[in-house]
Amino acid sequence: MISIKQLDVIRDEKVLLQGLDVTFEKGQFWGILGRNGLGKTTLLHQMAGLLPSRNQSIHIDGMPLEAIDIQARARQISYLLQIQEPCLDCSVSQAIAMGQFAWQAKHNEAEAVDELMTMLKISHLKDRSLLHLSGGERRKVELATCLAQKSPHLILDEPLNHLDCVYQQFLMRLLVKQSQHQSVVMVCHDVTAIQAHCTHVLLLLAKDCYLAGESATILNDKNLQRLFDD
């Protein structure tokens with residue numbers, strides 16, 4: 001469980017969102033919606049510990065995020081960045097295996113990687129270099145690497161980026177399955193995808209205004225109008 005209490009989402013000394021209270025639990029698939037500049041990515045950075053949060057506002061399974069060392073944090077949280085340029089000339093299978101580093105896996109590593117490539121339909125890319133993949137292919141490898149971490153909390157920043165519409169639908173169905181044994185939190189601008197697949201939604205409306213709860217309750221016509229109104 002990721003518990004957030006009275007969190008101020010801050011970037012470069014600017015407060016983007018004030019006093020956030022929300023809890024992400026296993027069995028829930030959360031979608032985060034909001035217009036540009038309201039702090040969606042910054043919130044995920046704080047949840048992953050890449051940016052500091054004040055007053056121990058974030059707890060992972062009851063422990064303050066700041067008290068968890070980096071390797072232990074990697075065992076708890078898998079984080080898919082919004083933009084992640086390849087910098088290593090390694091194969092797809094090697095890149096996915098790096099997701100297991102936090103566990104210092106020694107047994108069945110290759111088998112687990114093969115299973116993930118099959119699940120994400122990228123087995124044909126196994127020996128290809130990351131530097132020679134398309135944007136969509138890289139996104140699939142990044143998703144596989146996150147799943148290789150086998151963490152209880154999966155945080156995704158616009159996972160549908162660069163993917164064709166058929167694979168987007170496949171991925172959303174896969175994430176629904178993953179949410180049965182992980183908490184899944186996803187930033188996404190596709191309202192239709194969130195309505196169809198997410199159990200819960202965090203709707204960011206303004207610096208001092210947000211709504212959080214079950215998608216069926218939050219995503220009504222009135223609230224969606226508030227989201228898109230100037």
Given (1) modelled with pLDDT under 95; (2) part of a helix (DSSP H, G or I), index of the condition Met172 fails: (1)
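Out of all the residues in the stretch 101-122, which are part of a helix (DSSP H, G or I), of a type outside the set (D, E, K, R) and modelled with pLDDT under 80? Even if it seems obvious, please write down each step before you answer.
The initial filter retains those residues of the stretch 101-122 that are part of a helix (DSSP H, G or I), namely 101-103, 109-119.
Right, trim to of a type outside the set (D, E, K, R) and you get 101-103, 110, 112-113, 116-119.
Selection gives Ala102, Trp103.
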Residues being in contact with a strand residue (DSSP E or B) (Cβ under 7 Å, 6 or more places away or on another chain) and open to solvent by 30 Å² or more (accessible area, probe 1.4 Å) - total across the stretch 56-94: 7
Residues Val166, Val184: which one is open to solvent by less than 10 Å² (accessible area, probe 1.4 Å) and either within 25 Å of Leu51 (Cβ to Cβ) or not in a strand (DSSP E or B) (or both)? Val184
Across the stretch 1-33, the tally of residues that are assigned to a loop (DSSP other than H, G, I, E, B), of a type outside the set (Asp, Glu) and more than 18 Å from Pro64 (Cβ to Cβ) stands at 3
Among the candidates Leu202, Leu147, Leu175, which residue alone is within 24 Å of Met98 (Cα to Cα), open to solvent by less than 20 Å² (accessible area, probe 1.4 Å) and of a type in the set (A, V, I, L, M, F, W, C)? Leu175
State which residue is most open to solvent (accessible area, probe 1.4 Å) when the search covers only the stretch 114-144 and only residues that are under 24 Å from Trp103 (Cα atoms) and among the basic types (Lys, Arg). Lys126
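The values are calculated or read from the model by the stated rules, or taken from the named source; none is laboratory data. The shown structure was predicted, so the numbers you read here are calculated from the model rather than taken from an experiment. Backbone-built Cβ (ideal geometry, glycine too); neighbour counts: all protein chains shown. The area values use the complete protein model at the heavy-atom level, side chains included, leaving out ligands, DNA and RNA. Shrake-Rupley method; radii C 1.70, N 1.55, O 1.52, S 1.80 Å.
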